[in-house]
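Enquirer: After the structure tokens below, expect a handful of questions from me.
The values are calculated or read from the model by the stated rules, or taken from the named source; none is laboratory data. It should be emphasised that the depicted structure is a prediction, and the values quoted were computed from it without experimental measurement. Methodologically, a virtual Cβ is constructed for each residue, glycine included, from the backbone with ideal geometry; neighbour enumeration extends over all protein chains shown.
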Amino acid sequence: MTSHRAEFPEKLEFLFHPARYKVLYGGRGGAKSWGVARALLIQAAASPLRILCAREFQNSIVESVHHLLQSQIASLGLDSFYEIQNATIKGANGSEFVFAGLRNNVTKIKSFEGVDRVWVEEAQTVSKTSWEVLIPTIRKNGSEIWLTFNPELDSDETYQRFVAKPPSDAVVVKINWDDNPWFPETLQKEKDELKARDPDAYQNIWEGNCRVTLDGAIYAKELRQAQEEGRIGRAPYDAAKQVQTFWDLGFADNTSIWFAQSIGAELRLIDYYSNNQMPLNHYIGVLQNKGYIYGTDYLPHDARAKTLSTGRSVEELMVSAGRKVQIVPNLSIFDGINAARTVFNRCYFDEQKCAEGLQSLRHYRFEVDKDTKQFSGRPLHDYHSHAADAFRYFAVAIEEDKPASSARGIRMPGWRA
């Protein structure tokens, strides 16, 4: 086997020394992913390794680092050593690269316990749940978990877990454009233009510093106030009070559920759960296994639609399973957002159990035109919008009584039961 001489930025030398966690974070142009791809290909050529290339969301191989690895194989002159297949890359010595999404893929991830290296790309999006499934699965002696990411918010799970409070056996290296000796001139121009036009965006995109808030973040003010007032921390379950649940239904998309209690003037968000492509009885089972005493499950208006597979609606199926169900009025998104802003100052969040829901509320934002910086008329529809929609239904359902003429004047029966 022959290969071209591999070149690396000096800061990436640590990739060739053992460590349980190797964390590469920073701004654009630092050659993080490029360097990791090269290092893994060289290590896998030197000795047989099973390498999992993962990201939080991966619906197809196109969304993985498969293509990046393929280009680096050619660049390193390793074409004759590696066999590039549609869904895997195999080395002549038995090394193998496999690819998977972490989110809602627990069974598949748990099958990777024989893995030597995990490379988690775009790790800033990885949820608390995904880390808690992945990390104990990778338990082979000498196994390593590598992360590459551009940080967004310092409250994000990955940043907190690996940068703000890293494990003792982690090497954490910030890598930016000025650490890359091959930083191209075209990117230099792009970088300088952004620095002149939008210094705050420049600090995040090119210098790898966390944003204070995301552009167009819908609940930025409310979440900052909740944090400052100590309302994000512990929100204990009161076994003497019923728990109400608030759902956003998804099928290909996520189904998201908030668990809440009304204790005096406080609205306690005590738990959160989401998943996708799971049958309704999965979610009912999750609720039952949590051991709470339940009141009402509040569902969106589309819960009344009959499904082709059963000929029955989600509402009917839940009632037949013994659940007490209420449909939340179908208000506009903006009326719902206003309702959420109105009740936010009474909300207390369990920081651990609601970690994913809180992460999504922080990332819930209006679409922003990159050139004009103007906000569009609607929130961005992405993974985070499902938790935010369920939270919106929560707010609509529990808002205080208002005059009948008010668009949000709805008091849901049974909330304070």
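Residue-wise test of (1) among the polar types (S, T, N, Q); (2) in the same structural domain as residue 282 (by TED's automatic domain parsing); (3) farther than 30 Å from residue 214 by Cα.
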residue	(1), (2), (3)
57	no, no, no
68	no, no, no
71	yes, no, yes
104	yes, no, no
107	yes, no, yes
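Enquirer: Kindly check whether there is at least one residue in segment 30-37 that is of a type in the set (Val, Ile, Thr) and touching a helix residue (DSSP H, G or I) at 6+ places or on another chain (Cβ under 8 Å).
Expert: yes
Enquirer: In addition: Would you check if residue 95 is out of contact with any Leu (no Cβ under 8 Å at 6 or more places or on another chain) and either more than 25 Å from residue 17 (Cα to Cα) or in contact (Cβ under 8 Å) with a residue 12 or more places away in the chain (or both)?
Expert: Answer is no for this residue.
Enquirer: Can you name every residue in segment 244-266 that is outside any loop (DSSP other than H, G, I, E, B) and modelled with pLDDT under 90?
Expert: 254
Enquirer: Could you list, in sequence order, the residues of segment 125-142 that are touching a residue at least 40 places away in the same chain (Cβ under 8 Å) and of a type in the set (S, T, N, Q)?
Expert: If the condition is that a residue be touching a residue at least 40 places away in the same chain (Cβ under 8 Å) and of a type in the set (S, T, N, Q), then 125, 127, 129, 130 are the ones that fit.
Enquirer: Residue by residue through segment 7-54, note down the ones that are assigned to a strand (DSSP E or B) and surrounded by fewer than 22 Cβ atoms within 10 Å (Cβ to Cβ).
Expert: The answer is 21, 50.
Enquirer: Quick check: is even one residue across segment 224-243 part of a strand (DSSP E or B), assigned by TED's automatic domain parsing to the domain that holds residue 327, modelled with pLDDT of 95 or more and of a type in the set (Asp, Glu)?
Expert: Within segment 224-243, not a single residue is part of a strand (DSSP E or B), assigned by TED's automatic domain parsing to the domain that holds residue 327, modelled with pLDDT of 95 or more and of a type in the set (Asp, Glu).
Enquirer: If you don't mind, there's one more thing I want to ask. Which of (1) closer than 30 Å to residue 264 by Cβ; (2) in contact (Cβ under 8 Å) with a residue 60 or more places away in the chain does residue 224 not meet, given it meets every other one?
Expert: Unmet for residue 224, out of (1) closer than 30 Å to residue 264 by Cβ; (2) in contact (Cβ under 8 Å) with a residue 60 or more places away in the chain: (2).
Enquirer: I've got another one for you. Test residue 262 against the stated conditions and say whether it is in the same structural domain as residue 384 (by TED's automatic domain parsing) and under 18 Å from the mean Cα position of the chain (by Cα).
Expert: No; evaluated as a whole, the condition is false for this residue.
Enquirer: Go through segment 285-299 and report how many residues are in contact with a helix residue (DSSP H, G or I) (Cβ under 7 Å, 6 or more places away or on another chain) and either hydrophobic (A, V, I, L, M, F, W, C) or within 17 Å of residue 232 (Cβ to Cβ) (or both).
Expert: Total satisfying the criteria: 1.
Enquirer: Residue 90 is checked against (1) touching a residue at least 60 places away in the same chain (Cβ under 8 Å); (2) in contact with an Asp or Glu (Cβ under 6 Å, 6 or more places away or on another chain) and fails just one. What number does that condition carry?
Expert: Here residue 90 meets the rest and fails (1).
Enquirer: Looking at 199, 181, which is the one that is loosely packed, with under 13 Cβ neighbours inside 10 Å, more than 30 Å from residue 114 (Cα to Cα) and free of Cβ contacts under 8 Å to residues at least 12 places away in the same chain?
Expert: Of the residues listed, the single one that is loosely packed, with under 13 Cβ neighbours inside 10 Å, more than 30 Å from residue 114 (Cα to Cα) and free of Cβ contacts under 8 Å to residues at least 12 places away in the same chain is 199.
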